[in-house]
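Trainee: This is the structure, below, for whatever I ask next.
Rule-based calculations on the coordinates, nothing more; no lab input. Because the structure is a prediction, the values reported are computed rather than measured. Note: ideal-geometry Cβ built from the backbone for every residue, glycine included; neighbour counts use all protein chains shown.
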Amino acid sequence: MKIDNSSYRIFGRSKGRKKNTQISELVKKIQINKIDKSFFNIIDIGSGYGESTIEIGKKNKDYKVIACEKFIDGINNIAKQAQIECIDNIYVFHGNVHQLLDEYCAENTISEIWILFPDPWPKNRHFKRRLINDSFFLKVKKFLKHKSYIHIASDSKSYISEILNCVFKLKKDYLWVNQSKDDWEYAKLSLPKTKYFKKALKNGANPFYIKLIKL
C-alpha cells in the first residue's frame, strides 16, 4: 500500500537506520482496505512503534484500532507485537492520514481519534507542517460519528496553544472536555506511556492532554 507523494506529502523519515527495511508479511496481513461504519473504529495517528496502538487495542476489544504511521519500522513492530500478544483487532495503514480518510473512510465511520505527541515542528518556518490545525479539525468532522472523541497530547507549549486556539474557533463543532488541571496532566492519567511521553519527561517537560468531543 504505497502513498502518492505528489498528493499526500509526508515530512520526516519513513525508514530507520537500516536502509533495507521492508514492510513485513505480518503487516501485509493486517493492512486496512476499508473502514466500515458498521464497526466502532479508532484511528491512532502517528502511532510510532505502537505502544499506544497496542494499549488502545487491549482496552477496546470491541473496536477496530487502525494505526496510521509512515515509519516502516513502527508498523512492522505493531504487527509483530499484536501477533505476540494475540490481539486481533489491530490494523495498520502505511501512509498519510489524509489519504486514509479520503480513500478508505466513509462519513460517520470514526468513533475515536488518538494523536499522541505529534511532531511539533518547533521552528517557526515549519509550523505549516504541523498536522493539527483548523483545516484538520474541519476535515475530520465529517468522518467522526456524533459524540465521538479526539484525544491529543503534546509537550510543545506552542503547539498546545495553537490547538486550543483552533478548538475555541470551532467551539460549535467541538467541546473541550477535560478543562481542569487534574484532567489535563498526562503523567497523572491512565494513558499510553509512549516513547515520546518518556522522552518528554526526561527532558523536564510536562505533557498536556486534550480530550475533545464532536458535537
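Trainee: Among [x] 12; [y] 23; [z] 19, only one was calculated for this model; which label is it, if the read-out is percent of Cα pairs over 32 Å apart?
Mentor: So the structure-derived entry is [x].
Trainee: Right, next: Once you have a ≥ b ≥ c as the square roots of the Cα gyration tensor eigenvalues for the range 29-77, tell me rounded if a/c is under 1.5, and otherwise prolate or oblate according to whether a/b is larger than b/c.
Mentor: Oblate, because a/c is 1.5 or more while a/b does not exceed b/c.
Trainee: How high is the FRET efficiency from Asn60 to Arg125, r the C-beta distance, R0 30 Å, rounded to 0.05?
Mentor: Here the calculated transfer efficiency is 0.20.
Trainee: With a Cα-only, solvent-free Debye model of the range 67-155, what are the log10 I(q)/I(0) values at q = 0.18, 0.22, 0.25 Å⁻¹?
Mentor: For the range 67-155 at q = 0.18, 0.22, 0.25 Å⁻¹, log10 I(q)/I(0) is -0.98, -1.29, -1.40.
Trainee: Which of the residue pairs Lys59/Lys202; Lys37/Lys61; Lys64/Lys172; Lys59/Lys80; Lys181/Lys211 have a Cα-Cα distance greater than 22 Å in the structure shown?
Mentor: Checking Cα-Cα distances, Lys59/Lys202; Lys64/Lys172 exceed 22 Å.
Trainee: If you don't mind, another one. Over all alpha-carbon pairs in the range 68-108, figure out the percentage whose distance exceeds 16 Å.
Mentor: 44 percent
Trainee: Same structure, new question: Excluding Leu215 itself, what net charge comes from residues whose Cβ is under 10 Å from its Cβ, given Lys and Arg +1 and Asp and Glu -1?
Mentor: +4
Trainee: Put +1 on the Cβ of every Lys and Arg and -1 on every Asp and Glu Cβ in the chain; which of Cys86, Val140, Gly46 then has its Cα farthest towards the positive end of the dipole?
Mentor: The one lying farthest along the dipole's positive direction is Gly46.
Trainee: Let me ask something additional. Give, as a single signed number, the net charge of other residues whose beta carbon lies under 12 Å from the beta carbon of Asn41, with Lys and Arg counted +1 and Asp and Glu -1.
Mentor: Charge balance in the 12 Å sphere: 0.
Trainee: Quick check: the distance between the Cα centres of the range 141-190 and the range 192-215, to the nearest angstrom?
Mentor: Here the two parts' Cα centres lie 12 Å apart.
Trainee: How high is the relative contact order of the chain, given as a whole-number percent (alpha carbon pairs under 8 Å, six or more residues apart)? Mind dumping the intermediate values first?
Mentor: Details: 376 pairs, mean separation 43.6, N = 215.
The normalised contact order for the chain reaches 20 percent.
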